[in-house]
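The values are calculated or read from the model by the stated rules, or taken from the named source; none is laboratory data. It should be emphasised that the depicted structure is a prediction, and the values quoted were computed from it without experimental measurement. Methodologically, a virtual Cβ is constructed for each residue, glycine included, from the backbone with ideal geometry; neighbour enumeration extends over all protein chains shown. For accessibility, only protein heavy atoms count, side chains too; no ligands or nucleic acids. Shrake-Rupley method; radii C 1.70, N 1.55, O 1.52, S 1.80 Å.
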Amino acid sequence: MRFRFYFLCTAMLAAPLAAQLPLNSPVPLAPAGAAVSTGDDLLTLAAADRAQEMGFPTVAAGLYRTLLASQRGDRGRLTLGLASALLDDGRAAEAEHVLESFAGPRDGAWYLRMALVAAQQQRNPTARSRLAEVRVEELNPADRAWHLYLQGQVADAANDVVRAKEFYQQAEAAAGNSLARARFMLAREQARLRLGPVSEADAEAQRKNLEQFQLRRISYGIARTYAAMLDALGRRSDAISLLQRQLATMPAEEREERDTTRLVLGLIAGAGEGAGRTALAELLRDGTDRDRQRIALRLVARASNRDPLRADFRRKLDALIGSPSPHPILEDLLLFRAVQALGDKNYVQAEDDARALLQKFPGSPLKAHAYWVLTASAWEQVRYRTAADYAVKARAELSPGPTHAQLGVLVAEAWFRARDFRSAADAYAATLREPPAGIPAGDLMFQRVLAEIAAGALDSAQTVLDELAKDPAFDAMNLWQAEWNLTRALQVRGRTAGAYARVNRLLAGPRPAKGQLSPELRARMAWLQARLSLDAGQPEQTLRLVDALPSVTEGVSPELKNEIASTSALLKGEANFELGREPAALELLKKLRADFPRSDAAVYSYFDEAEHYVKQDKTVEAQQLLTRLADEFPNNTYAPYALYQAALQAERRGQDANLAEANKLIEDLVKKYPQSELVFYARLKQGDLLRKLNQFQQAQQVYESLVNNFGQHKDVILAQLALAECHHAQAAGDPAHAESATVLFEHLRDRIDAPVDVRVEAGFNLGYLYMRRGAAARDKGDTAREQESAALAQEVWWKDVVHEFLVKDPELAAQLGAKGRYWMARTLVELGALFEQQEKLEQAKEAWLLILKMNLPGEDIAKARLARFTTPEARP
């Protein structure tokens, strides 16, 4: 018997005798740092981009700064995004500082923003020179539209009205959607209000022009220019009053002029309150120019980040969306309300509006934004599978580019978080074909391998890792971490030889350059090599590798160095046990406990020594040692496990006194460690002990308690099976127990979520229960009931057990474990006996032959039964 195995709890307890529970051998791993989520970063970046595009530059700037401060992601893209947000917010000087402080490459996108800074500051010569430095071929489609807009501004400054208009129109046409077009138009309107130096004389001349052309259509434009001059001179209230008078006297048919004047009033007075907010709300409600309505929507939304304005904006959106006649920019309204609801964690409203946009406007250029809302909503609610689905749809709406590539990573991480590791592995493979900037390729490669491992595809993981290792982009740190995870997974699966071979090959290969690999990871890998050498049956090599470990621990933290030293001492003790050097092994374990008294390795050494005694059938010594461990380390994680193992050693001696002693140890475990995960399994073992003591009523109570109190436990089905067997054992003298056993066995046999081994065992017992019922009927002379019971047993054994799990479906047959194969063999033996009793000899032989054909346990019994029907001459 060995105490060292890995977490295979369900499988271990499914074994016939439930001999032992899992225990993790101590591994020298430093505490892991806080996990960094690429998915969370990508969603934050998406939120920043969306805020900027929808007219919330202050919000966008804050999010870009947060991402920059994290020291993760594509710093170039984040810096350009922050500069763009600051420009949209009218903070040109800050944008210039951000751009000047950027240490990365200064390409066309960088020069474009520097030119926009100069234009916003009305440094026209600088704007022209910066514009000349922009290499258009380096710009993405969105930046190319801004390049056209900037050329319009430069032409405007040069009083080339015709060319300026052409460039502005081209910029608006190049905008990808209505949000981007509104952003250009707003920037243009804001630029018009920046008149440069204005004198009182200039304003007076404009006032006279207004008086001269009063009541003519030309006066509306003059009035707006005069209002802009008044605002530039600091006479904002006069400008507001002027525009309000213009609106009050403007004829109703001048709808376009009314829309423009309302927009200018909103820009001058501000969208936060008063006349400006009222004018923009009226434009949004009654306007005829959709583009100006979108600008008004952006301005009002931007000013409504806090209550009570946020609530007021929500009411305005509700009224506009709920209008009997569809609003001209309904899709924009739905998106803005969805985004606001998402920010308020009102996920139902956010998803309803996003879906409404998709349903009402199937061809909308805003579909990608709607899918982003649905993706973010699902992600924040930890519905990662749904998030992955929506992210895939959002990605399908985008052309190849940075956002398209980043969405691929988000899809992969969403699948990983949803524990759909197969889909995650495939998605990570796709991201490597379109890697996004700012996310190291090595990180994606590591995640690809990790997903394969988590999917249980260890052979595929090895193939993938070996192929990726040829790529120079797979940095040493990620490569070695991938090897560590794969090797540990192989080790846990019992594939020690493969794990050992991988570690040997890695450590024998070229050593990474200084700085590429942490000394901690190299030291852990060297320790793992020593561990695997022992598991591979090479204890002499283990001793050599352990002795060499101090040479690879230089530069590691003191904590890790101590962990490696303590676990290495434990390895040496184990290796000496394997070599038959008991005195040396015991001395090493004693020294380990003295040198590292509170370490996990010291605690684990008790299990090693106990295991040594068990191999010599010294169960008393093993039990005493384990009990001592629990007494000396009552707060250690392994203390309840030690009590459990001590109970097993008492049970092994088999006498009633020993079984009672084991039961007492179980009670001690449950009393001292009521929150331990072992409580369920300890109680399950307690029921087994009570059954061995023929205390079936008490055992029944234990199993019923487990079923009632651990209904959601992953192994509660084992308690249900034990309860059924307990009723079965009491069925001879009590029909109520027989009925309870029948119901429970039928339930377990039919549960498709139950392990195959459990269903087979339940099926055998159900048939056996029918046979006992038939025997009782025979004793009473009730032939009809006897035959009925035999028919039921035959049907259960053949149809529900043998045919269902052995004959019909090879995949189900392949799932039979050791316990399931045992019960299948017993079923065939008893089924053959039943056929023989019914004088159906050929069918009896077929049942016993199946045992031989399927290589099931009980071969000798099957051959003995078959021999009775074979002549001596025919025998081999």
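Where the centre of each part is set by its Cα atoms, how far does region 101-169 sit from region 370-390, in angstrom?
37
Whole Å is fine, so just give me how far the alpha carbon centre of region 723-742 lies from that of region 623-678.
Answer, in whole Å: 30.
Mind checking which of Y428, I222, L693 is farthest towards the positive end of the chain's charge dipole, using Cβ charges of +1 (Lys, Arg) and -1 (Asp, Glu) about the Cα centre?
Of Y428, I222, L693, it is I222.
Write down the accessible area per residue of region 115-273 in Å², having rolled a 1.4 Å probe over the full set of protein chains.
For region 115-273, the per-residue accessible area is 50 Å².
Would you mind checking the pairs K514/K572; K165/K367; K685/K819; K799/K853; K316/K393; K808/K863 and listing those with alpha carbons more than 21 angstrom apart?
K514/K572; K165/K367; K316/K393; K808/K863
With each run of n ≥ 4 DSSP H residues scored as -39500 (n - 2.57), what mean residue ellipticity at 222 nm is computed for the chain after dividing by its residue count and rounding to the nearest 500 deg cm²/dmol?
The helix-only estimate for the chain comes to -23000 deg cm²/dmol at 222 nm.
Quick check: the distance between the Cα centres of region 440-473 and region 49-77, to the nearest angstrom?
31
I'd like the carbon and sulfur percentage of the solvent accessible area for region 270-365, probe radius 1.4 Å, heavy atoms only, ligands and nucleic acids excluded.
50
Suppose every K and R has +1 on its Cβ and every D and E has -1 on its Cβ; what is the size of the dipole of region 343-426 about the Cα centre, in Debye to the nearest 20?
160
Sorting check: for 466-479, 490-503, which peptide has the highest mean count of neighbouring beta carbons within 10 Å, and how do the rest follow?
Top of the packing list down: 490-503, 466-479.
Calculate the FRET efficiency for A103 and K615 from the Cβ-Cβ distance with a Förster distance of 51 Å, rounded to the nearest 0.05.
It comes out at approximately 0.20.
Against the 2.2 N^0.38 Å scaling, with N counting residues, where does region 199-344 land? I'd like the Cα-based Rg ratio to two decimal places.
This ratio for region 199-344 stands at 1.13.
Over region 477-591, with the other protein chains present, what is the accessible area per residue in square angstrom, probe 1.4 angstrom?
Per residue, region 477-591 has an accessible area of 45 Å².
So, taking all protein chains as they sit and a 1.4 Å probe, how much accessible area belongs to D443, in Å² rounded to tens?
Its accessible surface works out to 70 Å², give or take rounding.
Out of the total accessible area of region 407-473 (probe 1.4 Å, heavy atoms of protein only), what percent is carbon and sulfur?
Exposed carbon and sulfur together represent 53 percent of the surface.
With charges only on Cβ, +1 for K and R and -1 for D and E, what is the dipole size of region 524-631 about its Cα centre, in debye, rounded to 20?
Computed about the Cα centre, the dipole is about 160 debye.
Using packing as a proxy for protection, rank 811-820, 228-237, 416-425, 113-122 so that the peptide with the highest average count of other Cβ atoms within 10 Å comes first.
Ranked from most to least packed, the peptides come out as 113-122, 416-425, 228-237, 811-820.
Ignoring ligands, DNA and RNA, what percent of the accessible area of region 500-544 is carbon or sulfur (1.4 Å)?
51
I'm checking a number: the convex hull volume of the Cα atoms of the chain, normalised per residue, in Å³. What is it?
Output value, Cα hull per residue: 245 Å³.
Rank F607, F446 by accessible area, highest first, at a 1.4 Å probe radius?
F446, F607
What is the magnitude of the charge dipole of region 576-658 about its Cα centre, with +1 placed on the Cβ of each Lys and Arg, -1 on the Cβ of each Asp and Glu, and no other charges, expressed in debye to the nearest 20?
Here region 576-658 has a charge dipole of around 100 debye.
For region 772-855, what is the accessible area per residue in Å², given a 1.4 Å probe and the full set of protein chains?
In whole numbers, region 772-855 has 55 Å² accessible per residue.
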